[in-house]
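The values are calculated or read from the model by the stated rules, or taken from the named source; none is laboratory data. All of these numbers come straight from a predicted model, not from anything done at the bench. With ideal geometry, Cβ positions are generated from the backbone for all residues, glycine too; neighbour counts draw on all protein chains shown.
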Amino acid sequence: MAPADARTGRTDVLVAVGTAVLSVGLLLGLPPLDAADPDSVGVRYPEVGGVPWTLLAVALLAQSAVLLAARRAPRVALVVIAALPVALAATAPSTLFGLTALPVVVAVVLAALRVPLPRLWPTVTLAAVLVAAGTAIEWGEASGALRGGVLRGLTATIGQGVLQAVGAVGLPLVVTLIVRSRRELRAARRDEAAARTAEADARTAEAAAVSREQDARVDAAVSRERAAMARELHDIAAHHLSGIALMSAVVDRQIDTDPDRAHEGVRQVREQSTAVLEDLRRLVGLLRDDAPAERAVETVTGIVDLVEQARHRTDVELVVLEGDHPLADGIGPLTQLVAYRTVQEALANVALHAAGAACTVTVDDRDPAHLTVRVENGVPTAPSVGSSPAGGNGLRGMRERAELVGARLQAGPTGPGGWVVELVTGREAPPASDPSAHGPEVAG
């Protein structure tokens, strides 16, 4: 048995036992108390232990015992408890007959607490009729009204029966319904308060989730910006500073043997240093809100100048394979910047890691669907000038840029001992001279 069922069963037993003790106690105590009252009119109570008294005691105990079934079948228990006094009134009327109303009151209260009122009305009405009938029969027998005829006697005593029914059934029912409604109202208020608390908790949790999501978006945006800044700084440093390092080493060797070429190298170092400062100034201008920055966007066309600058430190050759359309036509500005940065980084790597190697930069723009940029160097003929201990950022930056625009990057060694970097990127729009760009199918 569950703990709740056990507690309910104990409550039913206590109610039944309490009703029985109170009823039998009143049955035993009322006659002595009435006899001790000096103002008593000398009501004739049944003799203790006599047949009427014994039958009344048995009826009270039976009514109390039926209360044990009030939890499982409250309506049936109420009808049975209300019907027992009718049989008692017809067989053994007594001046203490009114005590039989006490179990009826308890049964009405239990039924009203456990059964909804719409389903309880027929049972309550029947119980009231039985209580009224039993009281009318008892009054008729005690007053002798039934001797002149049953119908006439019941008519004379029906008023007493109705009063007893109102007191034993009507009043307990009304009081119990009021108590029950107040209890339900308190429960509804508690549920409403709990619902409001749960809703407030849900809103708080939702606000916290939204805040966490916003923080995550901010963190992701900051991470992307930091990665972009790192790529830009690496491109600037790798391209210009590596050139400065190479030319400084050359100047150091030529300053005594070939002063004219050493002076030329110093001028190149100055040009590269100025370019570094200019790029850094532009980058800082992009990051600051209070300082407008005018920054030229590098394009595929700018690769020509990039190769010319690299010839001061690398044996590089430029090959441009053009189609029947303008160079890089249909390639977006961001994609062109990626192509420019890829060539810039590849040339910087050649200068650092493949000193003296011949290098070829190929821009293949013949295919109407995509553009190919290729930087290939041969076997180095001189020792490397030096590299950063934490190398590898150059290739990683190139791959990140390629993934950003949906391009395909391949980088790796070649058979003869050289290295190749190839970027293939699609066009955002067909070239202007592409016949398919003017066809109705493409337009559709």
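Filtering the stretch 134-156 for residues that are at pLDDT 85 or above, assigned to a helix (DSSP H, G or I) and buried (at least 21 other Cβ atoms within 10 Å of the Cβ) leaves an empty set. In this structure, D329 does not qualify as surrounded by fewer than 23 Cβ atoms within 10 Å (Cβ to Cβ), over 58 Å from the mean Cα position of the chain (by Cα) and in contact (Cβ under 8 Å) with a residue 12 or more places away in the chain. Of all residues in the stretch 393-409, exactly one satisfies the criterion of being in a strand (DSSP E or B) and in contact (Cβ under 8 Å) with a residue 60 or more places away in the chain, namely L409. Within the stretch 46-67, if we keep just the residues that are of a type in the set (V, I, T) and in a helix (DSSP H, G or I), the residue that is surrounded by the most Cβ atoms within 10 Å (Cβ to Cβ) turns out to be V66.
Against the criterion of being surrounded by fewer than 24 Cβ atoms within 10 Å (Cβ to Cβ), of a type in the set (K, R), farther than 22 Å from S23 by Cβ and at pLDDT below 75, R119 does not qualify.
Within the stretch 333-373, restricting attention to residues that are modelled with pLDDT under 90 and polar (S, T, N, Q), the residue that is nearest to G417 (Cα to Cα) is N349. Whenever a residue of the stretch 342-359 is at positive phi and in the same structural domain as A402 (by TED's automatic domain parsing), its partners that are hydrophobic (A, V, I, L, M, F, W, C) and assigned to a loop (DSSP other than H, G, I, E, B), lying with C-beta atoms within less than 6 angstrom and at least six residues away or across chains, give the pairs G356/A382. Residues of the stretch 299-326 that are part of a strand (DSSP E or B) and touching a Lys or Arg at 6+ places or on another chain (Cβ under 7 Å): L321 alone.
When the stretch 80-101 is examined, which residues are found to be surrounded by fewer than 18 Cβ atoms within 10 Å (Cβ to Cβ) and touching a Ser or Thr at 6+ places or on another chain (Cβ under 9 Å)? Correct list: G98 only. Residues that are β-branched (V, I, T) and either in contact with a helix residue (DSSP H, G or I) (Cβ under 8 Å, 6 or more places away or on another chain) or not in a strand (DSSP E or B) (or both) within the stretch 336-384 comprise V338, T342, V343, V350, V361, V363, V373, V375, V379, T381, listed in sequence order.
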